[in-house]
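The values are calculated or read from the model by the stated rules, or taken from the named source; none is laboratory data. Being a predicted model, the structure only gives us computed values, none of them experimental. Here the Cβ positions follow ideal geometry from the backbone for every residue, glycine too, while neighbour counts run over all protein chains shown. Quick note on the areas: whole protein, heavy atoms, side chains included, nothing else; ligands and nucleic acids left out. Shrake-Rupley method; radii C 1.70, N 1.55, O 1.52, S 1.80 Å.
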Amino acid sequence: MPATVILGAQWGDEGKGKLVDRLAEQASWVVRFQGGNNAGHTVVIGDKVLKFHLLPSGITRKECNLVLGDGMVVDPWVLNKELTDWEKSTGEDPRGDRLYVSERAHIILPYHRFMDSLDSKIGTTGRGIGPTYADKINRIGLRFGDLSEIINDAQWITSTVVRMNASLQAAGSEDRVSEESLSADVNWIWDNYNGSIGNTGLMVDNALKLGEHIILEGAQGCLLDIDQGTYPFVTSSVTSRGNASHGAGIHPGHVSEVIGITKAYITRVGHGAMPTELEDADGDHLGTVGHEFGTTTGRKRRCGWFDMVVMRHANRINGFTGIALTKLDVLGGLEEIKICVAYELDGKEILEMPSSASAIARCKPIYISMPGFPGHSLSEWLEIAKKANSDGIGFKALPAAAQNYISKLESLMGVPCTSIGVGPDRDATIDLV
Ligand code: IMP
C-alpha cells in the first residue's frame, strides 16, 4: 500500500495531529519527516487531552510503529519528557520496540536553544530549531548516528565547545557550554536512545514493500516552508510534499495521496504579515471559540478569514488530492463569513502570493461574503458528526449555510474536502469519502 502525506496548508496549527490520529487506525507506520518540537499536536480522546511535540500522533494506536525521520531535528530531553509522560499514563516505553529515531536526524543541544533564545526578528518558538538546521547546512551538526563515534572523542568535544562558545559570544549571548556538560549530554543521549536509533528509511521502505500503509506526518504548514513560505518569517525546514518522502528516506513514487489540512478560517503565530488578520469582534470570536493559543509556546494566535491566495499557493506546491477542513464549528454564531479570493497590491488585483515580505505586508484582502450559520455546543457538534457518519449523509448533516460555505471553498480550491472537523474530539469529524 502506498504512503499518505498529511500537510498543513496554512501557517501551521491546522489540526494535523487529530487527523493523523484518526487515519493512524488504518496505518502501520507514522513518520515525522521534518521540523522538531516547534510543532505541537493536540489529540483529544474522551476526557484525555494529549499534547505531543515530537512523538508522531499515531502513538495513540498501539499497533502503529513510529519514526522520527531523517529530516527532523530532535531535542532528546523533550522527547524523553514526552516518553516519560506517555509511560506514566499507559505503562508503555515504545523506544526500540515501535519507536525509532533516524540515524540521520540531527540533535538539538543546549547550545542551539541558547542561540535561538536571542531571536527577536522572526518570533521563533525558541526551541533551537533554526540553529540546529543551520549547523546541519553548515555540515557541522551532530546526528544520532554519529553519537557512537564521538562520545569518546575528546578532540571533538574540545573543538565543538570552542566553536559553540565563540558563536555564543559573537552573537552577544551570555550563555556558555563546557566540555563537561557537552560530554555528559552526549553520553546521556547515547544511553537513552542507542537502542532505538536506526536506518529508519530502510525500515519504512521494507514496510512499503510488504504492502503496509504509511502516513508521513507534516509539521508546521506550507506558508512556513523555508523555500515556499513567507520568508524570512518561516521555519527552517521544507514543510511541503517534496520533502515528505525525502525526509522520511523513501522515494516520492510511494506517495499516492496528499491531504492538505486547513482551518475553516486562518491563524498564524509569530511575526510576518497575514493579509486577512482580523482585529475586531469577528477575530475575537475566532480566537475565543477556537481556543487559539499555541500548543508549544502558549502564545495567542492571530486569527483571520479563510485566505484563498494562501490555499492557491499551498495547492500549487503540494498538489493536494484532498482537503481536510477543520474547526468549521468555530464559525458557528457569526452572522457573515468572508473568504479572501485575491489581494490588492499597490492598486492591482493579484491572485498569487508575492515572495517579498514587504509586498505581502502591503496586500489588502479582496473578500466575497457568505451568510453565517448558528453556533452549537461541542457536544451538539459531536452528535451532528456521529449522525452524519452513521447515516452516511456526510455534510448534509450540517446547516444549509455551512454546506454552502464548504461547497464554495471546494469550488474555489478545485480540490474536494475529504473530511470536516467540527470539534476537538476524535469523533467530531465528518467523513466525506
Ligand atoms: P521556529 O520554527 O521555532 O524557528 O519558528 C519560526 C516561525 O515558525 C515562527 O513564526 C513560529 O511561530 C512558527 N512556527 C514554528 N512551528 C510552528 C507550528 O508548529 N505551528 C505554528 N507556527 C509555527
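Solvent-accessible area per residue in segment 262-431 equals 42 Å², computed with a 1.4 angstrom probe and all protein chains kept. Solvent-accessible area of ASP153, all protein chains in place: 60 Å² (probe radius 1.4 Å, heavy atoms, ligands and nucleic acids excluded). Sorting the segments 201-207, 342-348 by their residues' average number of neighbouring beta-carbon atoms within 10 angstrom, most packed first, yields 201-207, 342-348. The order of LYS338, LYS209 by accessible area, most exposed first and with a 1.4 Å probe, is LYS209, LYS338. What you get for segment 3-255, charging only the Cβ of Lys and Arg (+1) and of Asp and Glu (-1), is a dipole of about 520 debye around the Cα centre. Of the Cα atoms belonging to the chain, the radius of gyration and Dmax stand at 21.8, 69 Å. Among GLN10, GLY198, TRP381, pick out the residue whose Cα is farthest towards the positive end of the charge dipole of the chain, where Lys and Arg carry +1 and Asp and Glu carry -1 on C-beta, about the Cα centre. Of the candidates, GLN10 comes out farthest on the positive side. Calculate I(q)/I(0) for segment 262-431 by the Debye formula, one identical point scatterer on each C-alpha and no solvent, and give its log10 at q = 0.10 Å⁻¹ to two decimals. One equal scatterer on each Cα of segment 262-431 leads to -0.38.
As a rough guide to protection, the peptides 296-307, 107-118 ranked by mean Cβ packing within 10 Å, highest first, stand as 107-118, 296-307. Rolling a 1.4 Å probe over the protein heavy atoms leaves HIS291 with an accessible area of roughly 130 Å².
Here LYS300 is the anchor, and the lysines within straight C-alpha reach of less than 24 Å, apart from those fewer than 8 places off in the same chain, are LYS16, LYS18, LYS48, LYS51, LYS121, LYS263, LYS327, LYS338, LYS364.
Modelled label positions at LYS51 and ASN404, each set 7 Å beyond Cα in the direction of Cβ, lie 3.9 nm from each other.
Estimate the FRET efficiency between SER379 and THR158 by the formula 1/(1 + (r/R0)^6), using the beta-carbon distance for r and 60 Å for R0, to the nearest 0.05.
Using R0 = 60 Å, I get an efficiency of 0.50.
Axis angle, to the nearest 10 degrees, between helix 378-390 and the longest C-alpha principal axis of the chain: 80 degrees. Taking the accessible area of segment 262-431, probe 1.4 Å, and keeping the other protein chains in place, the carbon and sulfur fraction comes to 53%. Annotation: for a label point projected 7 angstrom from Cα along Cα→Cβ of ILE368, residues of segment 394-427 with backbone N closer than 16 Å are 401-417.
Dividing the mean sequence gap of close Cα pairs (under 8 Å, 6+ apart) by how many residues the chain holds gives a relative contact order of 20 percent.
Per residue, segment 98-188 exposes 49 Å² of accessible surface when a 1.4 Å probe is rolled over the protein heavy atoms with every protein chain present. Note on ILE393 and SER89: with the Förster distance fixed at 25 Å, the Cβ-Cβ geometry gives a FRET efficiency of about 0.10.
Each Lys or Arg adds one and each Asp or Glu subtracts one; over the other residues with Cβ under 13 Å from the Cβ of LEU79, this totals -1. For the chain, a crude dipole built from +1 on the beta carbon of Lys and Arg and -1 on the beta carbon of Asp and Glu, taken about the Cα centre, is about 520 debye to the nearest 20. The slack between ILE122 and ILE151, meaning 0.36 nm per residue of separation minus the straight C-alpha distance, is 7.0 nm. Placing one equal scatterer on every Cα of segment 63-118 and applying the Debye formula, the log10 ratio I(q)/I(0) at q = 0.21, 0.29, 0.30 Å⁻¹ is -0.86, -1.19, -1.21. The mean sequence distance of close C-alpha pairs (under 8 Å, at least 6 residues apart), as a share of the length of segment 274-326, puts its relative contact order at 33 percent.
Using the beta-carbon distance between ARG139 and ASP284 and R0 = 41 Å, what value does 1/(1 + (r/R0)^6) give for FRET efficiency, to the nearest 0.05? My answer for the efficiency is 0.30. Among beta bridges identified by DSSP and lying wholly in the chain, the antiparallel ones come to about 40 percent.
Looking at the calculated P(r) for segment 3-255, what percent of the C-alpha pair distances fall above 22 Å?
Every Cα pair in segment 3-255 considered, those over 22 Å come to 53 percent.
Distance between the C-alpha centres of segment 96-146 and segment 362-433: 38 Å, rounded to the whole angstrom. With contributions of -39500 (n - 2.57) from each DSSP H run of at least four residues, the per-residue ellipticity at 222 nm computed over the chain stands at -10000 deg cm²/dmol.
Relative contact order for segment 3-255: 31 percent, from Cα pairs under 8 Å spaced at least 6 residues apart, divided by residue count. Report the one residue of VAL289, PHE33, GLY332 whose Cα lies farthest in the direction of the positive end of the charge dipole of the chain (charges on C-beta: Lys and Arg +1, Asp and Glu -1; origin at the Cα centre). Of the listed residues, the answer is GLY332.
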